[in-house]
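Heads up, the thing below is written out as structure tokens.
Bear in mind these aren't lab numbers, they're just calculated from the coordinates by the rules spelled out. Being a predicted model, the structure only gives us computed values, none of them experimental. Cβ placement follows ideal geometry from the backbone for every residue including glycine, while neighbour counts extend to all protein chains displayed.
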Amino acid sequence: MLSFLFRRLIAMVLTIWAVSFVAFAIIQLPPGDYLTSYMASLSAAGDRINPETIAALRERYGLDDPYVIQYFKWIGGIVQGDFGESFEWKAPVTDLIWGRLGNSILLEGLAILVMWLVALPIGIYAAVRKYSLGDYLATIGGFIGLAIPNFLFALVLMYLWYVYFGQTLGGLFSPDLEGSPWNLERILDFLAHAWAPVLVLATAGTAQLIRVMRANLLDELTKPYVVTARSKGLPEWRAILKYPVRVALNPLVSTIGWLLPTLVSSSVVVSVVMNLPTAGPLLLKSLTTQDMYLAGAIIMLLGILTVIGTLISDLILAWIDPRIRYGGR
Amino acid sequence: MASREEYDMTYLFNPRSRRGVHAFRLAAVMTTAVALIAAPAYAQQQAPMLDALVEDGTLPPVEERLPDNPLVVEPVDNVGEYGGTWRSALRGTGDNAWIARTVMYDGLVRYNRAWDEVIPNLAESWEVNDDATQYTFHLREGLKWSDGTPFTSADIAFAVELVQDPDYPVGGTFMTDPGNPMTVEVVDETTFTFTFENPKGLLLDELASVNGSTLVSLQKAYCSQFYPPYNPEAEQMAADEGYEGWAFMMEDKCAWGQETQRWANLDLPFMNAWVVTEPWTGTASRVVFERNPYYWKVDTEGNQLPYIDRLEMRVSESTEEITLMALNGEIDFTDRHIATVANRPIFFDGQEAGDYRLGTEVQSRSTSLVLQLNLNHPDPEMNALFNNRDFRIGLSHALNRQEIIDAVFTSQGEPFQPAPRPESQFYDEEMAKQYTEYDPELAVQHLEAAGLTETNGQGIRLMSNGEPVSIAVDVISALQPEWLDILELMQLQLAEVGIDMEINNIDRTLFYDKRPSLDFDAQVWAGDGGLDVVQEPRYYFPANAESVWAFAWQAWYNGTDPEIAEEPAEWAREQMELYDQLKASGDPAEQERLMVEILDIAKEQFPLVGVSLVPNGYYIAKNNLRNVPDEMKQAWLFPTPAPYDPFQWYFE
């Protein structure tokens, strides 16, 4: 087990280094740079800026340096915990991202929790009672949830809430509590705001999860070991939960690592529509304005979180499934 | 120039403003009352929220906070009441323009509400020498920053010094114009002189525009601590704080003009009606401003302005959320982002439920879309074609503008070329309307006159080298979705006369990146400069980097991008000479005459094809928000609604 962990850790560091290189390349790909986009936004507002000023700024920000030099400046800083300066905010990137990333993890963690709590029992039920009325209802509900784009669901929810309750849904906190430390009032306020985005984010994922759980479990239910367990007189719930469900969870556990990046990227539009202070809109904005150190830091951190998530799922898999622990030898 | 009393009189009785005319009639009857208004002899009042602070000694009494001669502002309708919070929204990051339009507009001088005159503001008077190379300004006596310290000529001189520092690049201002270097001389506490190498006829316009705030935005006492010439430790301090150099720290702590960072630093002193109390950081969900107890304006009864206590701006990336907030009556005034053509019906229907009203905004843009063919195209064949006036006339006649107006603008507007708007003193009906009638036969005649007589199998006209005429038009639909709708109709209409048009919907960084390489057939943008004709002449001659249609010519004129700069055609050169004369003249009548000459050449040459007059926009205001004019002009250099004095708006 230790050597397993050790090999994984080495692979992780190499992967993160590769991610950093690719992340930096990606944010450099679009034509122009932050200053081109800055000039464009000034001009859209009807303002203008001298080309000489732009040239001077470009030199100061080091945007004329070759790619490799810019990359090593950047990665050198990151190793020391300095993610560079956001052009747009003229502030260190680290000041900007932690709060937002924290909100993302909190909100999306809640969404994942809700998703699993709702989807797993339904998925198990749908598999065990295949082609029953409940299975059909779960299937219909699941497919509707899957088919409605998240942002559309968010828009409809906001509109209905406004029409029937006269309130504007949006944000994660009341403005007065935004900056205050966590206390009971803030937690209640957070829950009063967070239910809507959690509902929206969890819906599509739930549907998908129900389908995966149902299909995995159906494969297992007919296998001989289930029959054996039953014939030995195990109670039905125990015969199902103890063995086939555990095996059916396998593909779900192995994708834990991808959950966070998937949720961050799929929630960008929802976050914009519902004005959620999460990492998604910050990433989107920094990509469109080519605020490269900010964008790079977010992509980099998502990469690191993915890699850590994958490691965790590997460990859990190795723990629940002996075949993986000893496989490949 | 006007003395103090004269100034107060001209402002009160400005015959060009509607309120002014009204006040003038009253004045004829009640001369004595008027004398009282003109001399600020009233006991000065302050907002109730400041009473306690004065009582416990935190603040000096109001008469000590106000300057000797505060600016007396005639309210739009009537003297208002103190109190209330003005709620609005910032669309995520990069919407500092909204703060520039509400809080920040208070320069040395400002525009009057009719936008036809520059009037005193922080400066109570000024003198200009005959050749417009020397301007002497006199500040009001006793002006104070929001921290209570005096605002003096030294602050102005410091701003000039910092902006002119080659290590601290600041956006294109008159202070850093390489073609016309300037210096500042401090005469005394309230008097200073700007001296220019060459005549500077448009200085007052620049100072009265939204960019005028740069000059009065930097307090020497606070900002000089970050500046090496005043604090030898500045570089070290910046390094200790983790900045890469003093300039980065300065930019963060003491940003100039309208920069977003100004609203992130609570220590920065201001000269505006409201000062920031909840900062605009990267994670803020709202920005809050509260009244500046040292604001230097009073109403006609001597009440210190502003009336409104607080401004609260929701920071939201979501226009949907802002739209719902407005419908729900949670926005007291806004005219940005959500006040679109498409949203008008919902907002109109929601007025009663949301307890708000819609007001009119006359746009400063002339035509909804300007087709800017690249007259400096690198391909000689395309270059010759685009420079052929008959070709452009042919394109213009091929457009069925009424169809576009009906389909895209719900029948609002009329056919219009890039030309001064009907509200402008430069309006020339012939220039605005020439070649706008839809006449495909006439269009074909002109295209044939331009040498496009042959067609290929698909009916597309062929150039003399046998290639079909195909124009790729760059557009940023993310900026204005209507542009794409218009282009799609134009595409069909031009195909009827044998011209192929490709729509190239791109991101705006690419849009800008293509310009210096001249690597595009055509780009489209809206018709800026419909009201601000002299200040924004980009479509009337190759004036600046936004004159995309003649990018190499404007580079030659402005001395930028030497590798592509190209000597302009003779008519454009003549226009440039005329504009140089205009900039050098200090006389408004002479400036107007020269501008008309430039416009006449543009009319004759017809370099650009326009579509339709931009219809009026609208603002959304709560019904209890008073002293807001029913109709405003909407522009950027005249940063609506700031010139309509939001500090005298109030809640009933």
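Of B:Pro228, B:Thr149, B:Val170, which is farthest along the charge dipole of the range B:106-257 in the positive direction, counting Lys and Arg as +1 and Asp and Glu as -1 at C-beta?
Value: B:Thr149.
Among A:Glu178, A:Glu85, A:Glu236, which one moves the most in a GNM of chain A with springs linking Cα atoms closer than 10 Å?
In this elastic network of chain A, the residue with the biggest mean-square fluctuation among A:Glu178, A:Glu85, A:Glu236 is A:Glu236.
Which of A:Gly233, A:Gly170, A:Gly280 ends up with the largest GNM mean-square fluctuation for chain A, with Cα atoms connected below 10 Å?
A:Gly233
At 7 Å along Cα-to-Cβ for each site, give me the label-to-label distance between A:Phe165 and A:Ala55 in nm.
Each label point lies 7 Å from its Cα, and together they span 5.8 nm.
Per-residue mean of other chain beta-carbon atoms within 10 angstrom of the beta-carbon, peptide A:95-108?
Average neighbour count from other chains, rounded to a whole number: 1.
Is any residue of the range B:605-620 close enough, with backbone N under 14 Å, to a label point placed 7 angstrom from the Cα of B:Asp428 along the Cα-Cβ axis, and if so, which?
B:605-608
How high is the FRET efficiency between B:Asp77 and B:Asp519 when r is their beta carbon distance and R₀ equals 51 Å, given to the nearest 0.05?
0.40
Rounded to whole Å and sorted largest first, list the principal axis extents of the Cα atoms in chain A.
The principal-axis extents, from largest down, are 84, 60, 38 Å.
What does the extension gain come out to for B:Thr360 and B:Asp56, with contour length at 0.36 nm per residue minus their alpha carbon separation?
Gain on extension, B:Thr360 to B:Asp56, equals 104.9 nm.
Based on the Cβ-Cβ distance of B:Glu597 and A:Asp64, what FRET efficiency does E = 1/(1 + (r/R0)^6) give at R0 = 41 Å, to the nearest 0.05?
With a Förster radius of 41 Å, E is 0.45.
So which helices of chain A fit the span-like rule, where a helix is a whole DSSP H run, its Cα atoms reach 24 Å or more along the axis, and its mean Kyte-Doolittle is at least 0.5?
Answer set is A:2-28, A:93-128, A:184-221, A:292-320.
Sort all Cα-Cα distances of the range B:163-206 into consecutive 10 angstrom bins from zero, then give the percent of pairs in each bin up to the one containing the longest distance.
24, 51, 25
GluC sites (Glu not before Pro) within the range B:489-575: which are DSSP loop residues with at most 12 other Cβ atoms inside 10 Å?
Hits after loop and neighbour filter: B:Glu563.
What average count of beta carbons from other chains do you get within 10 Å of the Cβ of residues in B:259-268?
For peptide B:259-268, the averaged partner shielding equals 1.
Could you run the Debye sum over the Cα atoms of the range B:173-273, one equal point scatterer each and no solvent, and tell me log10 of I(q)/I(0) at q = 0.15, 0.17, 0.18, 0.23 Å⁻¹, two decimals?
-0.77, -0.95, -1.03, -1.27
Over chain B, what is the relative contact order in whole percent, taking alpha-carbon pairs under 8 Å and six or more residues apart?
After rounding, I find 18 percent.
What does the charge dipole of the protein assembly as shown about its Cα centre add up to, to the nearest 20 debye, if the Cβ of each Lys and Arg holds +1 and the Cβ of each Asp and Glu holds -1?
Charge dipole, the protein assembly as shown, about its Cα centre: 6260 debye, nearest 20.
Using only the alpha carbons of the range B:479-596, determine the length spanned along each of the three principal axes and report them from longest to shortest in whole angstroms.
That works out to 47, 33, 28 Å along the principal axes.
What distance in nm lies between label points placed 7 Å from Cα along the C-beta direction at A:Lys242 and A:Ala11?
For the pair A:Lys242/A:Ala11, the computed spacing is 3.3 nm.
Could you point to the residue in B:Ser585, B:Trp636, B:Asn616 farthest towards the positive end of the range B:533-652's charge dipole, with +1 and -1 charges on the Cβ of Lys/Arg and Asp/Glu respectively?
Projecting each Cα onto the dipole axis, the largest value belongs to B:Asn616.
Are there any trypsin sites (Lys or Arg not before Pro) in the range A:196-237 that are in a DSSP loop and have at most 11 other Cβ atoms within 10 Å? List them by number.
A:Lys232
As an exercise, use a Förster radius of 56 Å and the Cβ-Cβ distance of B:Ala239 and B:Glu566 to find the FRET efficiency, rounded to the nearest 0.05.
FRET efficiency, B:Ala239 to B:Glu566: 0.75.
What is the mean projected area of the alpha carbon convex hull for the range B:370-610, to one decimal in square nanometres?
The number I arrive at for the range B:370-610 is 12.8 nm².
How large is the Rg to Rh ratio of the range A:100-285 when both quantities use alpha carbon positions and Rh follows Kirkwood?
Across the range A:100-285, the Cα-based Rg/Rh ratio is 1.07.
Measuring from centroid to centroid over Cα atoms, what is the spacing of the range A:228-267 and the range B:597-611 in Å?
Centre-to-centre (Cα) distance: 73 Å.
To the nearest whole percent, what portion of all C-alpha pairs in the protein assembly as shown is separated by more than 39 angstrom?
For the protein assembly as shown, the fraction of Cα-Cα distances above 39 Å is 52 percent.
Any chance you could check the Cα centroid distance between the range B:316-377 and the range B:495-557 for me, in angstrom?
Going from one Cα centre to the other spans 25 Å.
Which residue, B:Ala398, B:Gln458, B:Ser366, has the largest displacement toward the positive end of the dipole of the range B:362-494 when charges sit on each Cβ (Lys, Arg +1; Asp, Glu -1)?
Of B:Ala398, B:Gln458, B:Ser366, it is B:Ser366.
Take A:Thr228 and B:Leu479, extend 7 Å from each Cα along the Cα→Cβ direction, and tell me the distance between the two endpoints in nm.
7.1
Rank A:Leu301, A:Leu120, A:Leu29 by mean-square fluctuation in a GNM of chain A with C-alpha springs under 10 angstrom and give only the top-ranked residue.
Top of the fluctuation ranking is A:Leu29.
What is the ratio of the Cα radius of gyration of chain B to 2.2 N^0.38 Å, with N the residue count, to two decimals?
The reported ratio for this selection is 1.02.
Which whole-number percent gives the relative contact order of chain A, counting Cα pairs below 8 Å spaced six or more residues apart?
Relative contact order of chain A: 27 percent.
Pairs B:Lys144/B:Lys253; A:Lys90/B:Lys144; B:Lys220/B:Lys253; B:Lys144/B:Lys220; A:Lys130/A:Lys242: which are spaced more than 22 Å apart, C-alpha to C-alpha?
Long pairs (Cα-Cα over 22 Å): A:Lys90/B:Lys144.
Taking the number of other C-beta atoms within 10 Å as the exposure measure, put B:Val614, B:Val362 in order starting with the fewest.
Least crowded to most crowded, the residues run B:Val362, B:Val614.
Quick check on the exposure proxy: order B:Val611, A:Val128, B:Val276 from fewest to most C-beta atoms within 10 angstrom.
The most exposed by this proxy come first: A:Val128, B:Val276, B:Val611.
Mean 1/r over all different Cα pairs, inverted: what Kirkwood radius does the range A:227-329 give, in Å?
Result for the range A:227-329, one decimal place: 16.7 Å.
For peptide B:309-319, how many partner chain Cβ atoms fall within 10 Å of a residue's Cβ, on average?
4
In whole Hz, what ³J(HN,Hα) sequence does the range B:352-358 give by Karplus (6.51, -1.76, 1.60; θ = phi - 60°), x for Gly and Pro?
5, 5, x, 6, 10, 10, 10
For the peptides B:306-312, B:330-336, B:211-217, what is the packing order when you average, over each peptide's residues, the other Cβ atoms within 10 Å and list the highest mean first?
Top to bottom by mean Cβ count within 10 Å: B:211-217, B:306-312, B:330-336.
About its Cα centre, what dipole magnitude does the range B:370-610 give when the only charges are +1 on Lys and Arg Cβ and -1 on Asp and Glu Cβ, stated in debye to the nearest 20?
Dipole size: approximately 140 debye.
Where the only charges are on Cβ atoms (+1 Lys, Arg; -1 Asp, Glu), what is the dipole of chain A about its Cα centre, to the nearest 20 debye?
1880
Roughly speaking, what % of Cα-Cα pairs in the range B:106-257 are separated by over 24 Å, rounded to a whole number?
Tail of the P(r) past 24 Å holds 34 percent of the pairs.
Would you calculate a helix-derived [θ] at 222 nm for chain B, using -39,500 (n - 2.57) for each DSSP H run of n ≥ 4 and dividing by the full residue count, to the nearest 500?
Roughly -9000 deg cm²/dmol at 222 nm, from the helical runs in chain B.
Taking the mean number of other Cβ atoms within 10 Å as a proxy for protection, how do you rank A:100-107, B:524-531 from highest to lowest?
B:524-531, A:100-107
B:Lys583: which lysines have alpha carbons under 27 Å from its alpha carbon, excluding same-chain residues fewer than 8 sequence positions away?
Within the straight-line cut-off, B:Lys583 pairs with B:Lys200, B:Lys603, B:Lys633.
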